[in-house]
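Notes follow once the structure below has been shown.
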Ligand code: NAP
Ligand code: G4F
């Protein structure tokens, strides 16, 4: 019999890449969607898997809907990807962010504890939990947390609940502490996609400028398609554990901008970029760089797409979209 997986956040960026991977491995994939008048399947369409996923309704804010789903489905694996994942919005919507990102995972953990204790659970933890902290310029599994946003704080709660339910009840729960990962279906508000979308519009004469915030922030950017493999691998191990996942390379937003303009043959990018304070944050995370030795050694995972390849892939996809 084929394995079953419940994936929350199925309509986001990571959900479709993970669904594609699991379907190729023969899983039956249940995707959690909230009730919408018009749900947006465009990211699943991009990967060509819209009709292969079984959709179930529920909301991370609605405990009963999650309890009921776990009780009915008894999935072999639960991947909790749903979140209010935009850091900037979490400053203005801290309560909502906390409810979805902290209490949502708690509801799922309780549902597993009561109704399906053999289900393995993956929690989408994040490098944002490290915030200002680093160990000699890197972050790894031993680096303490110092979150810098309501988003980061909400994810620290979920991280520890995931650890606590493993230690208290013997559940198979794993945290993937993922560094930034991007793709052509990255949400348009996030800086990488905002840049590649803006660059494509400038190239095609559809825009004259690109308005951005802090160009000095540095991130460890990888490709989402690579990172969902690490999520899957974490749930295939004999014992549950927590893993940092990243490339080990850090680039500034400025470097991303430069690379994106370079990919369309423009070197004097400063002519087009306007610094706009509305895109700056009350507190910034200045530098994220993964030391992902554990995931490489224990799970044999490594990224396949380089920074330059990622930028080019995203610019090309946006040019193609507007070209159409
Ligand atoms: P994303 O594109 O923002 O997708 C998040 C998904 O969560 C969306 O599909 C959204 O559904 C869903 N969601 C939000 N509130 C919900 C609710 N109340 N009930 C049910 N579903 C809800 O995020 P992503 O980039 O794919 O990231 C996946 C996960 O990894 C997130 O938890 C994020 O915090 C975490 N993470 C991401 C990165 C990264 O660099 N991408 C790094 C580390 C950790 P709608 O489509 O209905 O709005
Ligand atoms: O692309 P961002 O919005 O991503 P951020 O804040 O790093 O968060 C993402 O990665 C986390 C993992 O580390 C995830 F957990 C989280 O869910 C999300 O996926 O911003 C990246 C950097 C920031 O330093 C920001 O201040 O880019 C800087 N930035 C500069 N100008 C901008 C802009 N960010 C956005 N979104 N828009 C700008 O105009």
Task: Matching residues in region 273-291 - criterion: being within 10 Å of ligand 2 (Cβ to nearest atom) and exposed (fewer than 12 other Cβ atoms within 10 Å of the Cβ) - done: 275, 278
Task: Tally of residues being in a loop (DSSP other than H, G, I, E, B) and within 14 Å of ligand 1 (Cβ to nearest atom) across region 1-23 - done: 5
TODO: Quick one: residue 56 ticks every box in (1) crowded, with 24+ Cβ neighbours inside 10 Å; (2) in contact (Cβ under 8 Å) with a residue 40 or more places away in the chain except a single one, so which number is it?
DONE: (1)
Open item on the list: Condition check: outside any loop (DSSP other than H, G, I, E, B), assigned by TED's automatic domain parsing to the domain that holds residue 48, surrounded by 18 or more Cβ atoms within 10 Å (Cβ to Cβ) and touching a residue at least 40 places away in the same chain (Cβ under 8 Å). Does residue 131 satisfy that?
Closed with: no
Open item on the list: Need the failing condition index for residue 305 against (1) near ligand 2 (Cβ under 10 Å from one of its atoms); (2) surrounded by 12 or more Cβ atoms within 10 Å (Cβ to Cβ); (3) in contact (Cβ under 8 Å) with a residue 60 or more places away in the chain, just the number.
Closed with: (1)
TODO: Tell me, yes or no, whether region 216-230 has at least one residue that is without any contact (Cβ under 8 Å) to a residue 40 or more places away in the chain, away from ligand 2 (no atom under 12 Å from the Cβ) and more than 24 Å from residue 113 (Cβ to Cβ).
DONE: no
Task: Sole exception among (1) without any contact (Cβ under 8 Å) to a residue 24 or more places away in the chain; (2) within 21 Å of residue 118 (Cα to Cα) for residue 24, by number - done: (2)
TODO: Determine which member of the set 243, 272 is within 14 Å of ligand 1 (Cβ to nearest atom) and in contact with a helix residue (DSSP H, G or I) (Cβ under 8 Å, 6 or more places away or on another chain).
DONE: 243
TODO: Give the residue, chosen from 254, 211, that is surrounded by fewer than 19 Cβ atoms within 10 Å (Cβ to Cβ), assigned to a strand (DSSP E or B) and either over 14 Å from the mean Cα position of the chain (by Cα) or more than 14 Å from ligand 2 (Cβ to nearest atom) (or both).
DONE: 211
Open item on the list: What's the total number of residues in region 161-183 that are within 16 Å of ligand 2 (Cβ to nearest atom) and outside any loop (DSSP other than H, G, I, E, B)?
Closed with: 7
- [ ] Count, please, the residues in region 63-76 that happen to be more than 22 Å from the chain's Cα centre (by Cα) and either free of Cβ contacts under 8 Å to residues at least 12 places away in the same chain or away from ligand 1 (no atom under 14 Å from the Cβ) (or both).
- [x] 9
Open item on the list: Restricting to region 45-62, name every residue that is near ligand 1 (Cβ under 10 Å from one of its atoms) and within 25 Å of residue 230 (Cβ to Cβ).
Closed with: 60
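The values are calculated or read from the model by the stated rules, or taken from the named source; none is laboratory data. A quick note: this is a predicted structure, and the numbers were derived from the prediction, not measured. Glycine also receives a Cβ, built like all others from the backbone with ideal geometry; neighbour counts cover every protein chain displayed.
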